[in-house]
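A quick write-up on the structure given underneath.
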Amino acid sequence: IAAAELVCEAVATNLNLSGGATSVLPSSTGVIGWRLPAKELAEDIAPAAIEALQTESAFAAAEAIMTTDRYPKLRSKTLSDGTRIVGVAKGAGMIEPNMATMLGYIMTDATIEKSKLQGMLSEACNQSFNSISIDGDESTSDTVVAIASGLKPLSSEDEFKSALFEVTQGLSADLVRNGEGTGHVIRVCIKNFPGSEYDARRMGRHLVNSPLVKCAISGNDPNTGRIAGAIGSFMGKFFPDESVDDMSLTLGGRIIFNNGKFVLEGDAVEKELSGHMADAQLGETDDFPKHQNFVEIGIDFGNSGSDVTVLGSDLTKEYVSVNADYRS
């Protein structure tokens, strides 16, 4: 805490902030247990960073906060009244809600009450940053901040909320697509889950965190039994009294499980499903993603319930390499 306060004080002094260090929001990620180089940050980095401030683009800020990220993450939306929302984020590994090892900064020039903005941000985070997982590991460091300058009047709070959701969902997808060694992004759409949205997201993360599911998708192998097995293990542990008789599963839009049995017939179906995965494949070390495709998994429990979408990534040799050599 003392180290963070020292850096905040240096930033406030260099910016001549009337509110002093309390006007500065600190956030950081890094190797857990290692001391922050506060003196160097306060005396050297903070003044240099402030000297480099500009108002033309947020791209430099998105680039500056990268660590193992392969590319900067930046999203923006202009509303019909001319107000704007701009967001930047970083994070590539150790990603699992609650947010975890990610930093997100949402900026707007709209005039909006703090309590309303906080409520919208919390809801947006649940449907975006809290609905992703790269490797299932949580961290001591995560931050999402929304800041409004109030320079322009806002004509529609509904339009603003929709735009905020679009920006946060875009950034969260970028985080997964830019995950350490990510070769595929998995999108799990769950419908009619027999429980809360929170538990539906837990089930979605349980599926995308399954090492067997991750490895199968990494190899473009439509091993559909692994998907069903991951769902069954979650439901058996946490919802043993709920029926899954009406559950149906799809992969790439094709039904693979329905009416209590698998629907898989012949090599043509196998090739179709494998081709769907291959179409979503990314280069594990690409500087920028060459497409925005997903491996699409659909789970419908058939009755009324909660609907959520969860994003995850596969497991590749590159992920192991990055994390085996992380400090060396």
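Taken as a whole, the structure leaves residue 66 outside the set of residues that are within 23 Å of residue 7 (Cα to Cα), at pLDDT 95 or above and either hydroxyl-bearing (Ser, Thr, Tyr) or open to solvent by 40 Å² or more (accessible area, probe 1.4 Å) (or both). What residue, among those in the stretch 291-328 that are open to solvent by 50 Å² or more (accessible area, probe 1.4 Å) and among the hydrophobic types (A, V, I, L, M, F, W, C), is farthest from residue 194 (Cα to Cα)? Here the residue is 324.
Among residues of the stretch 123-154 being assigned to a helix (DSSP H, G or I) and among the polar types (S, T, N, Q), the one that is most open to solvent (accessible area, probe 1.4 Å) is 126. Scan the stretch 178-195 for residues that are surrounded by 24 or more Cβ atoms within 10 Å (Cβ to Cβ) and outside any strand (DSSP E or B) and jot them down. Matches in the stretch 178-195: 178, 179, 180, 181, 182, 183, 184. Annotation note: of 183, 179, the sole residue that is in contact with a Ser or Thr (Cβ under 7 Å, 6 or more places away or on another chain), within 29 Å of residue 84 (Cβ to Cβ), in contact (Cβ under 8 Å) with a residue 60 or more places away in the chain and among the small types (Gly, Ala, Ser) is 179. Screening 130, 192, 126 for residues that are in contact with a Gly (Cβ under 9 Å, 6 or more places away or on another chain), polar (S, T, N, Q) and in contact (Cβ under 8 Å) with a residue 40 or more places away in the chain leaves exactly one candidate, 192. Considering only residues in the stretch 217-234 that are within 13 Å of residue 296 (Cα to Cα) and of a type in the set (Val, Ile, Thr), the one that is farthest from the chain's Cα centre (by Cα) turns out to be 224. Return yes when residue 45 is out of contact with any Asp or Glu (no Cβ under 7 Å at 6 or more places or on another chain), open to solvent by 80 Å² or more (accessible area, probe 1.4 Å) and either polar (S, T, N, Q) or part of a loop (DSSP other than H, G, I, E, B) (or both) and no when it is not. No. Scanning the stretch 287-314 for residues that are touching a Lys or Arg at 6+ places or on another chain (Cβ under 7 Å) and modelled with pLDDT under 90 yields 287, 289.
In the stretch 279-290, the qualifying residues are those that are loosely packed, with under 13 Cβ neighbours inside 10 Å and not polar (S, T, N, Q), and the one that is farthest from residue 203 (Cα to Cα) is 287. Please work out if residue 224 is out of contact with any Leu (no Cβ under 8 Å at 6 or more places or on another chain), of a type in the set (Val, Ile, Thr), open to solvent by less than 50 Å² (accessible area, probe 1.4 Å) and free of Cβ contacts under 8 Å to residues at least 60 places away in the same chain. Considered against the rule, which asks whether it is out of contact with any Leu (no Cβ under 8 Å at 6 or more places or on another chain), of a type in the set (Val, Ile, Thr), open to solvent by less than 50 Å² (accessible area, probe 1.4 Å) and free of Cβ contacts under 8 Å to residues at least 60 places away in the same chain, residue 224 comes out as no. For the stretch 84-122, a residue qualifies if it is at pLDDT 80 or above and open to solvent by 60 Å² or more (accessible area, probe 1.4 Å), and the qualifying residues are 84, 107, 111, 113, 114, 115, 116, 118.
Residues of the stretch 239-277 that are aliphatic (A, V, I, L, M), farther than 19 Å from residue 311 by Cβ and open to solvent by less than 50 Å² (accessible area, probe 1.4 Å): 247, 256, 269, 273.
The values are calculated or read from the model by the stated rules, or taken from the named source; none is laboratory data. None of the values given here were measured: they were computed from a predicted structure. Note: ideal-geometry Cβ built from the backbone for every residue, glycine included; neighbour counts use all protein chains shown. Only protein heavy atoms, including side chains, enter the accessible area calculation; ligands, DNA and RNA are left aside. Shrake-Rupley method; radii C 1.70, N 1.55, O 1.52, S 1.80 Å.
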